[in-house]
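Please treat every number below as a calculation from the coordinates, not as lab data. Just so we're clear, the structure is a prediction, and the values are computed from it rather than from any experiment. No Cβ is skipped: glycine too gets one built from the backbone with ideal geometry, and neighbour counts run over all protein chains shown.
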Amino acid sequence: MSYQDDIQQVEKLIRSKKGTWDGISAESVVRMQVQNRFRTGLDIARYTAAIMRKDMAAYDADPANYTQSLGCWHGFIGQQKLISIKKHFGNTDRKYLYLSGWMVAALRSDFGPLPDQSMHEKTSVPALIEELYTFLKQADARELGMMFRDLDAARAAGDKAKEASILKAIDGYQTHVVPIIADIDAGFGNAEATYLLAKKMIEAGACALQIENQVSDEKQCGHQDGKVTVPHEDFLAKVRACRYAFMELGVEDGIIVTRTDSLGAGLTKQIAVSHAPGDIGDQYNSFLDCEEVTPAQCNPGDVLITRDGKLMRPKRLPSNLFQFREGTGADRCVLDSITSLQNGADLLWIETEKPHVEQIASMMDRIREVIPNAKLVYNNSPSFNWTLNFRQQIFDAWKKDGKDVSAYDRDKLMSVDYDGTALAYEADEKIRTFQADGARRAGIFHHLITLPTYHTAALSTDNLAKEYFGEAGMLGYVLNVQRQEIRQGIACVKHQNMSGSDIGDDHKEYFAGEAALKASGDANTMHQFA
């Protein structure tokens, strides 16, 4: 129904109360309802899951329709991203948020900064999802509140055309609420623990859960050493646990993103159970680094398997872990990905050690031979030195093509001395088109940066501290922060408005009428930023 239809319906309800509700304004009720469209996290999860499914279909039709997100660790950060997106692009189409487990561990744990090893409180993850959506819903309330004020002003001025235009905008309003892809790490325990946490995350609003194939109690950041994977059946039990959670809660379109860390993980904690040659357990074990032995060569406690009719002893490390053969990472990623998609996953995530389109495509081409519509979520990680990687890629390509590279030292391409060179410009252009190239060539449906605001907060704080505590003093803040907010139209320059002060004033007026004591009177210094 339209805004006007909703008002008529509430007016009918008020009249039915025989005068006892006459102090209630039907239009004020509808304004509050419009400002609070999503009543529960499950409403959000269902709404955003449908968005992702629509976007996945659009990508299948045309890879130019890839999606993007930025990682966030606080509701305010997520809110500002979406406000900025709407300001600069007019809508939030194909723009999501990513909830990074790394940032939760580093910035949200009661233990203080932690490495990305699933040591933080698991409840902090659903709590952040709920916080993000609280801030996004307030962004809606704020923006709609300003539209309501404009509507009142148009009516007061008798401007029917403007009134009609604003009413149309209210009816067609696009929310700041977008899909969140949420990191559940390796499930924080066994399959039951995964299911319980998944439920909490979905109830908070998550429509997409990203789960990785590492051992939960040995979990490492995907870009660090020492990663240990689990056999496929163990991982698939957790994938099914996530699907059960979605289905139990009525979010049938929920998205499961299965991440493989096998490219950089050379270890396993378990030998997979195998019932027949060629089954999934046997395939997992086929990558183990083994030595052929005879019964006489065996020691107490040895683990033995057979391979091609031969007795084999997997190499066991002092850590009691088993290692895979070198050079098998890509093959294991392909097997992991195909197996996941065949058992309930919707999207893939292959963690790589560098951003290289052809490396990613070489694995995705093999996966798509089996599952043609396989799609990837890719981590455009700050753990990569993007400048160095792409300059080296261009250097290597030039050298292969016979171009003269004698002016460059491949090991020192990060040097500022190369910033203005032709090689640097070509590398930057490749960085610029990386997402579009990856979407077209390597099946990347969704590009995300895991930790962007961790780094932007550090950089901006460093710059402010240098200026403010140095010779610039207060001018360091005014010149580089406040004046830029004003010039660029950053909403937060009116920080009282952003915190909900004007929304509260509207409510006070609804509740108390002319007796309302409002904060937005003439003495409010925020009017200096009108």
Taking Cα pairs closer than 8 Å and at least 6 residues apart, the relative contact order of segment 295-384 in percent is 22 percent
Rh_Kirkwood(segment 357-401) over Cα pairs, Å, one decimal, evaluates to 12.6 Å
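Could you work out the longest stretch of the chain that avoids the GluC sites (Glu not before Pro) located in DSSP loops with at most 13 other Cβ atoms within 10 Å? Write out the running numbers ahead of the final one.
Values: sites that count: Glu252, Glu326, Glu471.
Of all site-free stretches, the longest is 1-251.
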Which of Asp150, Asp411 comes first, and how do the rest follow, when ranked by fewest Cβ neighbours within 10 Å? Asp411, Asp150
Assigning unit charges at the beta carbon (Lys, Arg +1; Asp, Glu -1) and nothing else, what dipole magnitude in debye, to the nearest 20, does the chain show about its Cα centre? 800 debye
With just the Cα atoms of the chain, tell me how far they stretch along each of the three principal axes, in Å, largest first. 95, 63, 46
Non-local residues with an amide H under 5 Å from the amide H of Gln220, with H modelled 1.01 Å from N and Pro and chain starts lacking one, are Val228
Convert each backbone phi in segment 116-121 into a coupling constant with the Karplus relation 6.51 cos²θ - 1.76 cosθ + 1.60 (shift: θ = phi - 60°), then list the ³J(HN,Hα) values in order as whole Hz, x for Gly and Pro. 7, 9, 6, 8, 6, 5
May I ask which residue of Phe38, Phe76, Thr48 lies farthest towards the positive end of the charge dipole of segment 1-77, with charges of +1 (Lys, Arg) and -1 (Asp, Glu) on Cβ and the Cα centre as origin? Phe38
Tell me, what ³J(HN,Hα) does each residue in segment 499-512 have, in order and in whole Hz, if you take phi through Karplus 6.51 cos²θ - 1.76 cosθ + 1.60 with θ = phi - 60° and put x for Gly and Pro? 7, x, 4, 5, 4, x, 4, 4, 5, 4, 5, 4, 7, 10
DSSP beta bridges in segment 285-410: the antiparallel percent, rounded to 5, is 80 percent
Restricting to segment 150-273, compute how many DSSP beta bridges are antiparallel as a %, nearest 5. 10 percent
Applied in sequence order to segment 368-382, the curve 6.51 cos²θ - 1.76 cosθ + 1.60 (Karplus, θ = phi - 60°) yields integer Hz couplings, x standing for Gly and Pro, of 6, 5, 9, 10, x, 9, 4, 10, 10, 9, 10, 8, 7, 6, x
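At a 10 Å Cβ-Cβ cut-off, how would you order Ser262, Ser274, fewest neighbours first?
So the residues, fewest neighbours to most, are Ser274, Ser262.
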Under 14 Å between alpha carbons, and skipping anything fewer than 8 positions from Lys494 in its own chain: which aspartates and glutamates qualify? Glu143, Glu485, Asp502
Neighbour net charge for Asp411 - beta-carbon separation under 15 angstrom, K R +1, D E -1: +1
Based solely on its DSSP helices, what 222 nm [θ] is calculated for the chain when runs of n ≥ 4 H residues each add -39,500 (n - 2.57) and the sum is averaged over all residues, nearest 500 deg cm²/dmol? -15000 deg cm²/dmol
Ranked from fewest to most other Cβ atoms within 10 Å of their own Cβ, His232, His275, His74, His120 fall in the order His275, His74, His232, His120
Classify segment 423-530 as rounded, prolate or oblate from the Cα gyration tensor: take a ≥ b ≥ c as the square roots of its eigenvalues, call it rounded if a/c is under 1.5, otherwise prolate when a/b beats b/c and oblate if not. oblate
Estimated D of segment 272-416 in µm² per second, where Rh is the Kirkwood radius over Cα pairs and Stokes-Einstein applies at 10 °C, 1.306 mPa s: 84 µm²/s
Based on Cβ point charges of +1 for Lys and Arg and -1 for Asp and Glu, what charge dipole magnitude is obtained for segment 39-171 about its Cα centre, in debye rounded to the nearest 20? 280 debye
Compute the acute angle (0 to 90°) between the alpha-carbon long axis of helix 3-15 and the principal axis of greatest extent of the alpha-carbon atoms of the chain; round to the nearest 10°. 60 degrees
For Thr67, which sequence-distant residues (separation of 5 or more, or a different chain) have an amide H within less than 5 Å of its own amide H, given hydrogens modelled in the peptide plane? His446, His447
Quick check: the angle from helix 232-248's long axis to the longest principal axis of the chain, C-alpha only, nearest 10 degrees? 20 degrees
Note the angle between two axes, namely the Cα long axis of helix 386-400 and the longest principal axis of the Cα atoms of the chain, as a number of degrees from 0 to 90, rounded to the nearest 10. 50 degrees
Work out the charge dipole of the chain with +1 on the Cβ of Lys and Arg and -1 on the Cβ of Asp and Glu about the Cα centre, then indicate which of His527, Met1, Gly443 is farthest towards its positive end. Met1
What range in the chain is the longest one free of trypsin sites (Lys or Arg not before Pro) that are in a loop by DSSP and have at most 15 other Cβ atoms within 10 angstrom? 40-314
Rounded to 5, percent antiparallel among DSSP beta bridges of the chain: 25 percent
From the cross-link list Lys310/Lys375; Lys12/Lys95; Lys18/Lys162; Lys354/Lys400; Lys81/Lys466, the entries with a Cα-Cα span beyond 30 Å are Lys310/Lys375; Lys12/Lys95; Lys18/Lys162
Can you list residues whose amide H is under 5 Å from Ile255's amide H, if they're 5+ apart or on another chain and H is modeled 1.01 Å from N? Ala208, Leu209
